[in-house]
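Peer 1: Quick one: structure below, then a few questions.
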Amino acid sequence: QVKLVESGGGTVQAGGSLRLSCTASGSGFASAMGWFRQAPGKEREFLAAFGWTVGNKYYGDSVRGRCTISGDKAKSTVYFEMNNLESEDTAVYYCVAGVLYYEDYVGIRPDYWGQGIQVTVSS
């Protein structure tokens, strides 16, 4: 089992930046970590994935160019940063752990989920 603890989030002003952290713990194994988000009435959306072995980075189409994912292996922590936030970025953001995924999208197949953290962009 892998436990994921997210931090960050909250209310961000439009045009501002977001920084989320996720720390993994437990006896389970996951070769990759990443982030999804879901807004009410919308499909769950892949944001970013980070592969621990080599440091691969993959981004979802909707946020590519605005975000950066990074990892600190010693801390078992991944970070997600996104800038130029808009109202449409308001959603619950989920940290995930699993394996890299290359099917209908290039990213991560989640085996473990964090509790989710609300991000609200104010105009």
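The values are calculated or read from the model by the stated rules, or taken from the named source; none is laboratory data. None of these values were measured; they are calculated from a predicted model. FYI the Cβ positions are ideal-geometry reconstructions off the backbone, even for glycines, and counts take in every protein chain you see. Note: areas computed on protein heavy atoms with side chains; ligands, DNA, RNA excluded. Shrake-Rupley method; radii C 1.70, N 1.55, O 1.52, S 1.80 Å.
Peer 1: Using amide H atoms built in the peptide plane, which far-off residues or other-chain residues are under 5 Å from VAL2 H to H?
Peer 2: Close amide H contacts, sequence-distant or interchain: GLY28.
Peer 1: Please compute the Kirkwood hydrodynamic radius of segment 1-72 from all pairs of different C-alpha atoms, in Å with one decimal.
Peer 2: Every distinct Cα pair counted, the radius reaches 13.7 Å.
Peer 1: Could I get the Rg over Rh figure for the chain? Both from C-alpha atoms, Rh via Kirkwood, rounded to two places.
Peer 2: In the chain, Rg relative to Rh is 0.94.
Peer 1: Using heavy-atom solvent-accessible surface (probe 1.4 Å) with all chains present, what is the largest-first order of VAL78, VAL92?
Peer 2: VAL92, VAL78
Peer 1: Run the reach check for LYS3 against lysines, Cα to Cα strictly under 21 Å, same-chain hits fewer than 8 apart removed. What comes back?
Peer 2: LYS73, LYS75
Peer 1: Quick one: dipole size for the chain, taken about the Cα centre, charges +1 on Lys/Arg Cβ and -1 on Asp/Glu Cβ, in debye to the nearest 20.
Peer 2: With only Lys, Arg, Asp and Glu charged at Cβ, the dipole is about 340 debye.
Peer 1: Here's another thing I want to ask about it. Return the FRET efficiency for the residue pair ARG44, THR11: r is the Cβ-Cβ distance, R0 is 22 Å, and the value is rounded to the nearest 0.05.
Peer 2: Step by step, r from the Cβ atoms, then E = 0.50.
Peer 1: Can you pull a Stokes-Einstein diffusion coefficient for segment 1-41 at 10 °C (1.306 mPa s), Rh from Kirkwood over Cα pairs, as a whole number of µm²/s?
Peer 2: Estimated via Stokes-Einstein, D reaches 126 µm²/s.
Peer 1: Probe radius 1.4 Å, ligands and nucleic acids ignored: give me the carbon and sulfur share of the accessible area of the chain as a rounded percent.
Peer 2: Carbon and sulfur: 47 percent of the exposed surface of the chain.
Peer 1: Follow-up question, since we're still on this one. Under 10 Å, Cα contacts only: if you run a Gaussian network model on the chain, which one of ASP104, ASP89, ASP72 comes out with the highest mean-square fluctuation?
Peer 2: In this elastic network of the chain, the residue with the biggest mean-square fluctuation among ASP104, ASP89, ASP72 is ASP104.
Peer 1: A further question follows. So which trypsin sites (Lys or Arg not before Pro) in segment 59-123 pass both tests, a DSSP loop state and at most 11 other Cβ atoms within 10 Å of the Cβ?
Peer 2: ARG64
Peer 1: According to the Kirkwood expression over distinct Cα-Cα pairs, how big is the hydrodynamic radius of segment 37-103, in Å?
Peer 2: Computed over Cα pairs of segment 37-103, the Kirkwood hydrodynamic radius comes out at 13.0 Å.
Peer 1: Continuing with this model, one more query. Enter the accessible area per residue of the chain (Å², integer; probe 1.4 Å; all protein chains in place).
Peer 2: Heavy-atom SASA per residue in the chain reads 52 Å².
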